[in-house]
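The values are calculated or read from the model by the stated rules, or taken from the named source; none is laboratory data. Small disclaimer: the values here were computed from a predicted structure and weren't measured. With ideal geometry, Cβ positions are generated from the backbone for all residues, glycine too; neighbour counts draw on all protein chains shown. The accessibility values were calculated without ligands, DNA or RNA, using every heavy atom of the protein model including side chains. Shrake-Rupley method; radii C 1.70, N 1.55, O 1.52, S 1.80 Å.
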Amino acid sequence: MRIVRTNSEMRAFVRQASGSIGLVPTMGAFHGGHHSLIRAARERCHVVVVSLFVNPAQFEEASDLDAYPRDEARDAAEAAELGADVLYAPSVEEVYPRGFATSVRVEGLSDVLEGVERGPGHFAGVCTVVTKLLNVVQPDVAFFGQKDAQQVAVLRRMVRDLDLPVELAVLPTVREPDGLALSSRNVRLNPDERRRALALSRALRAAEAAIAGGEREAAAVAAAAREAMNGVDPEYLALVDPDSFQPITTVDGRVLVAVAARIGATRLIDNTIIHTAATPAGAPTT
Ligand code: AMP
């Protein structure tokens, strides 16, 4: 596996590569979620590029950026083990040279839930860096995790709106056996916080159970989910349309339940998509 640091070297590699290219964008500190994306890319594409860049533009809080776990040597070893061909790990100066002034922003979708909690610049930071990665690596397929559901929705819209020639492949959330979604941030949880962090996945399971039990009022489903958090106060717990991220009032068809909470100093997110048989237009809803 090659480690590439500059755009020009990455472009040179892409020019001589033959066959389909898969890109797995990451911020490093790999866990099983990243591994599943790299494995999926390895199965599907001839050439696998894993990018590793902790993107300052998507962090609103400097303390969060500073505390973000980094271990490039371990990540490189794991990417190589999983069969990646290139680890593309540019410096901040390479990605944002002096005078950098352009931002890619998806209106509307970027302004709710994570966009509110992480600030208006968060998804613009994500979209800008992903656009740059797509331009430099020119992948046929880019792999993302459903764990960041709103990021997926924003990027899908960006790819469609800007006619970017790439397919987005979205892989399911990888979890610990007890339900906690894997996250690079989990390493910061102390044992008590690790136990309380289960409130997020418990809330999602409670929402699924309420809907499976016939509940269709979004407010009642949200109340059942909140109750299951056993005193952990979510930053948000919302039932939304999985594509538009607009709130729903009645569960009908596909619904995304999204939750975010601070556990001590660590901010965690999780989500699930629930499918119900859609009510035919005109049919009574009670
Ligand atoms: P990150 O390094 O946190 O930016 O994540 C890189 C990619 O891994 C993103 O597409 C995430 O959605 C995805 N990812 C993060 N956690 C998980 C997980 N638990 N399961 C599946 N994918 C994940």
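Computed quantities for the displayed model
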read-out: Filter result (surrounded by 14 or more Cβ atoms within 10 Å (Cβ to Cβ) and in a loop (DSSP other than H, G, I, E, B)) within the range 227-243; value: A228, M229, V232, D241, P242
read-out: Members of the range 52-91 found to be farther than 19 Å from N7 by Cβ, open to solvent by 40 Å² or more (accessible area, probe 1.4 Å) and not charged (D, E, K, R), listed by number; value: A62, S63, A67, A73, A77, A80
read-out: Pair list, Cβ < 9 Å and 6+ apart or interchain, from the range 175-191 residues that are within 9 Å of the ligand (Cβ to nearest atom) to residues that are at pLDDT 95 or above and aromatic (F, W, Y); value: S184/F30
read-out: Search result, residues across the range 142-174 that are over 15 Å from the mean Cα position of the chain (by Cα), under 15 Å from L23 (Cα atoms) and part of a helix (DSSP H, G or I); value: V159
read-out: Among (1) in contact with a strand residue (DSSP E or B) (Cβ under 7 Å, 6 or more places away or on another chain); (2) open to solvent by 50 Å² or more (accessible area, probe 1.4 Å); (3) farther than 15 Å from M27 by Cβ, the one test that A101 misses; value: (1)
read-out: Test: residue in the range 43-53 that is in a helix (DSSP H, G or I), without any contact (Cβ under 8 Å) to a residue 60 or more places away in the chain, of a type outside the set (F, W, Y) and over 25 Å from P120 (Cβ atoms); value: yes
read-out: Residue ID - farthest from the ligand (Cβ to nearest atom), chosen from residues in the range 23-79 that are at pLDDT 95 or above and of a type in the set (D, E); value: E43
read-out: Out of L134, L162, sole residue that is open to solvent by 40 Å² or more (accessible area, probe 1.4 Å), within 26 Å of E60 (Cβ to Cβ), aliphatic (A, V, I, L, M) and away from the ligand (no atom under 13 Å from the Cβ); value: L162
read-out: Of all residues making up the range 178-207, the number that are open to solvent by 60 Å² or more (accessible area, probe 1.4 Å) and under 17 Å from T272 (Cβ atoms); value: 3
read-out: Filtered residues of the range 92-126 (kept if more than 22 Å from T6 (Cα to Cα) and of a type in the set (S, T, N, Q)); value: S110
read-out: All positions within the range 32-51 that are β-branched (V, I, T), in contact with a Phe, Trp or Tyr (Cβ under 7 Å, 6 or more places away or on another chain) and open to solvent by 10 Å² or more (accessible area, probe 1.4 Å); value: none
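Conditions (1) touching a Leu at 6+ places or on another chain (Cβ under 8 Å); (2) in a loop (DSSP other than H, G, I, E, B); (3) of a type in the set (S, T, N, Q); (4) under 25 Å from A153 (Cβ atoms), marked per residue:
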site	(1), (2), (3), (4)
F30	no, yes, no, yes
G33	yes, no, no, yes
D64	no, no, no, yes
P69	no, yes, no, no
